[in-house]
Amino acid sequence: MSHVRMSMRAIAYDELAVGERYEGSARTLTQTDLSLACMLSGDWHPIHADVEFCRAAGMPGPMFQGPYGILLAMGMATQLPVFADPVVGATGVAEWRYRRPLRVGDTVHVRATINGKRMTSDGQRAIVDRRFELLGPDGELFQEGYGGTMLRLASRGEQP
């Protein structure tokens, strides 16, 4: 049975338990966030940048580009959990789903669940697979998917 951990104590690879969940703090998306997403991606489609276009199409307003939720979730989950072993990098994102649009004014937080863990063949590194859920205040699901993180296991002889 999984439970939610809120601790910011660094957790070693050996302490990680499959099924354990970690909840992050919330943030409210702003017009500045949307403008930066458009600028960084170069995606200025009217569905993201034109209030009148959205109203004429029957939408309440512009929405963020879908991949912005991946960036947001991964960034917000950086400390979920705080790994005691040094992070080498991400190993990929899989099965990402957009469940509802993200809009200016939405408040979201991330839940990260340890989905799996395994050692690499050299025994010096490990992969931690997590399920990410980008959630609203009432638990409504905006986006979800899986991502992997590679750790260097300092406790196994290789120092950071």
Item checked: Qualifying positions in the range 12-30 - part of a helix (DSSP H, G or I) and either out of contact with any strand residue (DSSP E or B) (no Cβ under 6 Å at 6 or more places or on another chain) or of a type in the set (Lys, Arg) (or both) -> ASP14, GLU15
Check: Looking at GLN31, GLN79, which one is open to solvent by 70 Å² or more (accessible area, probe 1.4 Å) and either at pLDDT below 95 or in contact with a His (Cβ under 7 Å, 6 or more places away or on another chain) (or both)?
Finding: GLN79
Item checked: Selection from the range 43-62 of residues that are crowded, with 19+ Cβ neighbours inside 10 Å and in contact (Cβ under 8 Å) with a residue 24 or more places away in the chain -> PRO62
Next item on the list: Can you work out which of the residues in the range 1-28 that are of a type in the set (D, E, K, R) and open to solvent by 90 Å² or more (accessible area, probe 1.4 Å) is modelled with the lowest pLDDT?
Entry: ARG9
Notebook entry, point to check: In the range 54-77, which residues are in a helix (DSSP H, G or I) and under 29 Å from GLU23 (Cα atoms)?
Noted result: GLY66, PRO67, TYR68, GLY69, ILE70, LEU71, LEU72, ALA73, MET74, GLY75, MET76
Next item on the list: Could you run through the range 36-81 and say how many residues are among the aromatic types (Phe, Trp, Tyr) and closer than 14 Å to ARG103 by Cα?
Entry: 2
Check: Counting only residues that are assigned to a strand (DSSP E or B) and surrounded by 16 or more Cβ atoms within 10 Å (Cβ to Cβ), how many does the range 116-154 have?
Finding: 23
Check: Out of curiosity, is GLY69 open to solvent by less than 30 Å² (accessible area, probe 1.4 Å) and over 22 Å from LEU153 (Cα atoms)?
Finding: yes
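The values are calculated or read from the model by the stated rules, or taken from the named source; none is laboratory data. Since this is a predicted model, take the numbers as computed values, not measurements. Virtual Cβ from ideal backbone geometry, glycine too; neighbours counted across all protein chains shown. In case anyone asks, the SASA skips ligands and DNA or RNA and just uses the protein heavy atoms, side chains included. Shrake-Rupley method; radii C 1.70, N 1.55, O 1.52, S 1.80 Å.
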